[in-house]
Amino acid sequence: MATLPTYFVSHGGGPWPWMREQYGPAYDKLAESLAAIRRAADASGAVRAVLVVTSHWETPQFMVSSGTAPGMIYDYGGFPPHTYQVKYPAPGEPALAQRVADLLNAAGHPAGLDPERGFDHGTFSMLYPVYPEAQMPVVQLSLRRDLDPAAHLAAGRALAPLRDEGVLIIGSGLSFHNLRQFGPSGKIASHAFDAWLRDTLLEHDPAQREAALLRWDTAPQARAAHPREEHLIPLMVALGAAEQEPAACVYHEDDFFGSLAVSSFRFGQAAGG
C-alpha cells in the first residue's frame, strides 16, 4: 500500500460550500484545491478513511471521535437558516478511532475516545468538496487544550504509521485566523505571516522548519495573524506525521476576501507527482 501524504488546509469560513449564492466565486480556488486532494487520493488507490485534526475541538487530553454515525455540530453563528440543516452523513470508524488512541497512548500522549462527538464545520465544510458523497469513513482528533506545538508535532510522529494503513491525515485550520481583522485591516499581518510560513515550510530542511515552528509566535505578525493559535496547531500534527518529507503549497491566495493571504500545504508525495 502506498504511503499517503498529509495535509494542512485552510478550511474557509463557516458553512461556505452551501453559500454559493452569497459568496459567488470567493471560494472557487479553495474548493478546487480541496477537490485536487480527492483526485490525488483516488490516483493512489490507497485511501480507506480520513483522520481530521480539527481546530474546532479542544480537550484537556487528546480525544478521538469513535461513533459509527457522527451527528452535526453547527459551531457558527449568523448564517442563513438553511446552513443549520446541512447534513454530512459520512460514517465513523470505531476501529480506526481505537487505533489512533492506541498509537497516541503508546507514545506517551494520553488519548481517549468520544463516541458522541459529531462533525464540526472544520470537518464537514472542508470535506464536502473532497468527498461530497460523504461515503468515506471519517474520524476526528481533537487538539490538546494547551496548544503546545511540540506536543502536537510529537502526536503527529506517533500517528505516522497510519499513512501506510490507508488513512489520509488532514489538519484543518487556517493560515490566518484573526476574525476581528478578516478583511482589509488584516492584509499586512496575513501577508507577512503567510510569507514566513511558506518560506519556513518550503525552503528549509526538516530540522530547521521544525525549530522555526516551535517558536512560531516570534514570526513576523504572528500574534496579529493568530491571536489564539488553535487554527495553526493542526499544521503541527500534519507535519509531525511526515516530518522528514518535502512540503508543497497546494493552495494560495493573496486576495482572499479582497485582501488576505492564505495557504494550504501537503507533506510528502502525492500520487502522480
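Listed values, structure above:
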| read-out | value |
| --- | --- |
| Selection from Val52, Ala225, Thr83, by position along the positive dipole direction of the chain (Cβ) | Thr83 |
| Tail weight of P(r) past 33 Å, computed on alpha-carbon pairs of the range 6-267, percent | 13 percent |
| Sum of -39500 (n - 2.57) over DSSP H runs of 4+, divided by residues of the chain (222 nm, nearest 500) | -9500 deg cm²/dmol |
| Overall form of the range 170-273 per C-alpha gyration tensor (a/c, 1.5; a/b vs b/c) | prolate |
| 12 Å beta-carbon shell around Gly92, net charge (K/R +1, D/E -1) | -2 |
| Cα shape, the range 1-113, gyration tensor, a/c 1.5 rule | oblate |
| Counted charge near Arg20, where neighbours are those whose Cβ lies closer than 15 Å (Asp, Glu -1; Lys, Arg +1) | -2 |
| Local electrostatic count at Ala158 - Lys and Arg +1, Asp and Glu -1, tallied over other residues with Cβ under 13 Å | +2 |
| Per-residue ³J(HN,Hα) for the range 254-261, Karplus 6.51 cos²θ - 1.76 cosθ + 1.60, θ = phi - 60°, Hz, x for Gly and Pro | 9, 9, 4, 6, x, 7, 8, 9 |
| The range 236-251 - phi-based ³J(HN,Hα) in whole Hz, Karplus 6.51/-1.76/1.60, Gly and Pro as x | 4, 5, 4, 5, x, 6, 9, 5, 9, 10, x, 9, 9, 7, 9, 7 |
| Per-residue ³J(HN,Hα) for the range 35-47, Karplus 6.51 cos²θ - 1.76 cosθ + 1.60, θ = phi - 60°, Hz, x for Gly and Pro | 4, 5, 4, 5, 4, 5, 5, 5, 5, 6, x, 10, 7 |
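Computed from the coordinates by the stated procedures, all read-outs in this text should not be read as laboratory data. Bear in mind the structure is a predicted one, so any value in this text is a computation, not a measurement. Here the Cβ is made from the backbone with ideal geometry for all residues, glycine too, and neighbour counts use every protein chain on show.
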